[in-house]
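A quick write-up on the structure given underneath.
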Amino acid sequence: MSNLMPSPETEACAAGEQCAPIVEALPERSAQVGALTVHRVLPVRGRRLIGPWCFFDWYGPLSFGSGKPMDVAQHPHIGLQTVTWLLEGEVVHHDSLGSECLVRPGQLSLMTAGRGIVHTEETPEGNSGRLNGAQLWVALPEAVRGMTPEYQCTPRLEGAEFGDSVVTTFYGGSSPGRAHSPLVGAEIAVHKGGLAHLPLDPGFEHGVLLAAGDAAIDGVELAADTLYYLGSRRQELVVRSREGAKLLLIGGAPFGESILMWWNFVARRPEEIAEARKSWEGHEWFADVPGSGEPRLVAPPYVRRPVAG
Ligand code: MN
């Protein structure tokens, strides 16, 4: 892949950062969780981070007549933020701080785990019978990863028009979600027959996923359920669509810290993972979700492996 915007000067690039605009399809793995199809598009082989974004599950779209396609029992997190962004349907969030939110499309559900939090996520009674959305994680920088946990659930966020598109920035930029490193997360709706030039921070690296419809970036037709790494040094994103499209964009300044991710934990050293796992299994410093009476997910065995240099 050739550099589409060569710079006359050399530029310092962080480890793992592709220091030029590219359009690279990343591999994905899909799994069936009950009736729901889940695509794990980050982390994947060859790419662990895009800015501070370290996890991206894309699920649905699903139509269902009964039952709870989303039904995740109590489980812990440390060292990260979870971002829930729905395109269709509803999810109820409860956590160990006592927070409760019925999350719908257009609302940001942002949980900052910091030193530790426990939550549940489930399809509510009286739902629309549809489910489609993204579960994303953001790694917290060293300075704040042990912070007091918090939870934010916003009202429906307003989009802004750019050319033939409407951009809803759910995290970073104009979003009310409290961010701890430079980043962006946005939903882009491109009109039928539309062309949009979307300004980007050239210091960020970005990734984009086609959520619905058809779209092309730099002349590359995007495949469904696939995260494309866009590199950095990009002044704008030029998107075209024939029949209309929805896309999810993530990005941020190269994270610059090596993280250790295992199960629902983001840390730096194996000892921290082992301690968090022991605390969860031993009912030590992770509180239950109040009044939930829900079962707790059992942590898988933690096997320390040498980390490849
Ligand atoms: Mn979770």
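Miscellaneous remarks
- A Förster radius of 35 Å combined with the Cβ-Cβ distance from Asp214 to Ala73 puts the calculated FRET efficiency at roughly 0.40.
- Cα-Cα separations in region 1-159 greater than 18 Å, expressed as whole percent: 65 percent
- Both the radius of gyration and Dmax for region 167-309 are 19.9, 57 Å, in that order, over alpha-carbon atoms.
- Charge tally in the Cβ shell below 11 Å around Gly16, where Lys, Arg are +1 and Asp, Glu are -1, Gly16 excluded: 0
- Given their separation in residues at 0.36 nm each and the Cα-Cα distance between them, Glu125 and Glu271 gain 48.5 nm when the chain is fully extended.
- Residue-by-residue Karplus 3J(HN,Hα) for region 76-92, coefficients 6.51, -1.76, 1.60, Hz, glycine and proline x: x, 9, 9, x, 9, 10, 9, 10, 9, 9, 9, 9, 8, x, 8, 9, 9
- Rounded D (µm²/s) - region 128-168, Kirkwood Rh over Cα pairs, Stokes-Einstein at 4 °C, 1.567 mPa s: 90 µm²/s
- Estimated dipole of region 121-198 in Debye, rounded to 20 [Cβ of Lys and Arg +1, of Asp and Glu -1, Cα centre]: 120 debye
- Cα-based equivalent ellipsoid, region 25-81: semi-axes from gyration tensor eigenvalues, Å: 24, 17, 8
- Cα gyration tensor shape for region 47-140, rounded if a/c is under 1.5, else prolate or oblate: oblate
- Expected 222 nm ellipticity per residue - DSSP helices of 4 or more, -39500 (n - 2.57), all of the chain, to 500: -1000 deg cm²/dmol
- Of Ala274, Leu210, Pro155, farthest towards positive along the dipole that unit charges on Lys, Arg, Asp, Glu beta carbons give the chain: Ala274
- Counting only DSSP beta bridges whose two residues both lie in the chain, roughly 95 percent are antiparallel.
- The Rg/Rh ratio of the chain, with Rg taken over Cα atoms and Rh as the Kirkwood radius over Cα pairs, comes to 0.96.
- Accessible surface ranking that places the most exposed of Leu49, Leu108 first, with a 1.4 angstrom probe: Leu49, Leu108
- Accessible-area order (highest first, 1.4 angstrom probe) of the listed residues Glu284, Glu161, Glu150: Glu161, Glu284, Glu150
- Treating each Cα of region 90-147 as one equal point scatterer and applying the Debye formula with no solvent, the log10 of I(q)/I(0) at q = 0.25 Å⁻¹ comes out as -1.12.
- 18 Å reach of a label modelled at Thr226, 7 Å along Cα-to-Cβ, counting backbone N of region 39-56: 39-47
- Computed over all pairs of different Cα atoms, the Kirkwood value for the hydrodynamic radius of region 213-276 is 15.1 Å.
- Shape call, region 76-190: gyration tensor on alpha carbons, a/c limit 1.5: oblate
- Centroid-to-centroid separation of region 82-151 and region 210-265 [C-alpha atoms, Å]: 21 Å
- Across the chain, the mean sequence separation of Cα contacts (distance under 8 Å, 6 or more residues apart), normalised by length, yields a relative contact order of 21 percent.
- Charge dipole (debye, nearest 20) of the chain; +1 at Cβ of Lys and Arg, -1 at Cβ of Asp and Glu: 520 debye
The values are calculated or read from the model by the stated rules, or taken from the named source; none is laboratory data. Keep in mind the model is a prediction, meaning the values are calculated, not measured. Cβ sites come from the backbone with ideal geometry, for glycine too, and all protein chains shown count toward neighbours. Ligands, DNA and RNA are stripped out before the accessible areas are found, and what is left, the full protein with its side chains, is counted by its heavy atoms. Shrake-Rupley method; radii C 1.70, N 1.55, O 1.52, S 1.80 Å.
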